[in-house]
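First up is the structure itself, then whatever we jot down about it.
What follows is calculated from the coordinates using simple rules that are stated; it is not laboratory data. Computed from a predicted structure; not experimentally measured. A quick note on method: Cβ atoms are made from the backbone with ideal geometry, for glycine too, and the neighbour counts reach across all protein chains shown.
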Amino acid sequence: RKTALVGLLSLTSVAALLIRRVLRAWRARGLGGTPFQVVQSGSRLLDPQVSPLLLKVSIGHCVRSWSDDYLRRYLGGHKIQVHVSDTPFLNFASKNFAYEVADFDSFLSRLQGENGNKFLYYRSQHSKRNKAATLEAIGLGGDVDHGFSLPDELLLPFETHSTVLRIASTGLSMWLHYDVCDNFLCCIRGRKRVILFHPDDIGLLYISGSSSAMGSRLFAEADLPQLWKEFPLAKAAWKRRHEIELHAGDVLFLPAFWAHCTQALPHESDKASISVNTFVLRRDTMSLHDPKDVWANRELLPAQDAVKAFEEKILPSLAKLPATARSFYCRKIAAQLQLEAEAASAS
Ligand code: AKG
């Protein structure tokens, strides 16, 4: 009887272990590449080497209350700027979209209607051009509890830079880019697929400014073989990508300098995908941020100096050399920079 009991106990613990593994994999919902970590609290966020995290925290009643009617009640009548495109794959580098000014009500009606195969994207901004976005600035904050807030415990170590409302046609993909602030990306309606790349892979992503020449073509699965022909380095980064699908109520902690692109996916018959993101600054590196940075994507101040010196001094000096010497010194400097990068990554 004792042996049977021992057998039963070990069977139960193996079953428990298996169930725990399946549950963990289900909760992580990582889709490709490196698996995603799910956490319940923010204690790890300040680790300088932190990876993207799926946070299981409450973001308020917006997940239930932000219907079209609710948003119309508070934002109706606002004039907003909308990206309008014939293709779902937005590309900032080739500017395959136009900016149109619309009023909020007709934007939402267009989004939910037939809309002649156009894809729409709204990113809220402050009415003053030199100020960063807040929900208060568009009438979704302030004294009334509009139901979006991140737990104090998450925000405590940071200063808030901006909070942005984003509304997209389902199917629309936002181009690959990086930001210089850490980011809490919160899914409120619809689902959102997010592809992310480690900062060490920045050299493989064809970035100019802060956006990739690949736009959001990583989401066009049938086009991937052609994409690798045009952007061969990106294939290696793709194999190491992090990928996740956010559902309503999910919060993704997206660290600064992780290049990312997103795809708005439908939930039931809703044609609007709604998210809010809060960009935050780490207190120890706040002084490095450009005070004029309203979009969270201006290079850090010392990096601006370095880029300026590179473009205005180093490149013109190298251009004075004959081809063989130019190739030699470019490679020599590139090797020195590579060593610097590796030492910094390892520190
Ligand atoms: C960001 O929060 O930086 C994004 O790129 C989100 C874009 C979106 O999903 O609308």
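Between residue 81 and residue 56, how many nm apart are label points set 7 Å from Cα along the C-beta direction?
Here the modelled spin labels are 4.0 nm apart.
Checking understanding here: applying a Kyte-Doolittle mean of at least -1.0 and a length along the axis of at least 24 Å (C-alpha), which whole DSSP H helices in the chain pass?
2-28, 323-346
When the dipole is taken about the Cα centre of segment 227-292, and only Lys, Arg (+1) and Asp, Glu (-1) are charged at their Cβ, what size is it in debye, to the nearest 20?
The dipole magnitude comes to about 400 debye.
Computed FRET efficiency, Cβ-Cβ of residue 229 and residue 112, R0 41 Å: what is it to the nearest 0.05?
About 0.60, to the nearest 0.05.
Report the full-extension gain for the segment residue 193 to residue 345: residue separation times 0.36 nm, less the Cα-Cα distance, to one decimal in nm.
Residue separation times 0.36 nm, minus the Cα-Cα distance, leaves 52.0 nm.
Would you list which lysines come within 19 Å of residue 320, measuring only between C-alpha atoms, while excluding same-chain residues fewer than 8 positions from it?
308, 332
Eigenvalues of the Cα gyration tensor times 5, then square-rooted: what semi-axes does that give for the chain, in whole angstrom, largest first?
Three semi-axes, in Å: 35, 31, 22.
Per the Kirkwood formula on distinct C-alpha pairs, the Rh of segment 106-222 is how many angstrom?
For segment 106-222, inverting the mean 1/r across all distinct Cα pairs yields 17.0 Å.
What ranking, highest mean first, results for peptides 155-164, 79-88, 178-187 when packing means the other Cβ atoms within 10 Å averaged over each residue?
178-187, 155-164, 79-88
Using the Cα centre of the chain as the reference point, and only Cβ charges (+1 on K/R, -1 on D/E), how large is the resulting charge dipole? Debye, rounded to the nearest 20.
960
Distance between Cα centroids, segment 255-315 to segment 66-94: provide it in whole Å.
Using only Cα atoms, the two centres lie 21 Å from each other.
Could you sort the peptides 267-273, 249-255, 50-56, 340-346 by per-residue average Cβ neighbour count (10 Å cutoff), highest mean leading?
So the order, starting with the most tightly packed, is 249-255, 50-56, 267-273, 340-346.
Apply the Debye scattering formula to segment 162-290, with a single equal point scatterer on each alpha-carbon and no solvent, then give log10 I(q)/I(0) at q = 0.14, 0.15, 0.18 Å⁻¹.
So the normalised log intensities are -0.64, -0.73, -1.01.
For a Förster distance of 41 Å, can you work out the FRET efficiency between the beta-carbons of residue 101 and residue 306, rounded to the nearest 0.05?
Calculated value: 0.65.
With a point put 7 Å past each Cα toward its Cβ, work out how far residue 73 is from residue 2 in nm, to one decimal.
It is 7.0 nm.
Please express the shape of segment 286-347 as an equivalent ellipsoid: the semi-axes are the square roots of 5 times the eigenvalues of the C-alpha gyration tensor, given largest first in whole angstrom.
Over the Cα atoms of segment 286-347, the ellipsoid semi-axes are 28, 17, 7 Å.
Each label point is 7 Å from the Cα along the Cα-to-Cβ direction; what then is the distance between the points at residue 333 and residue 126, in nm?
3.7
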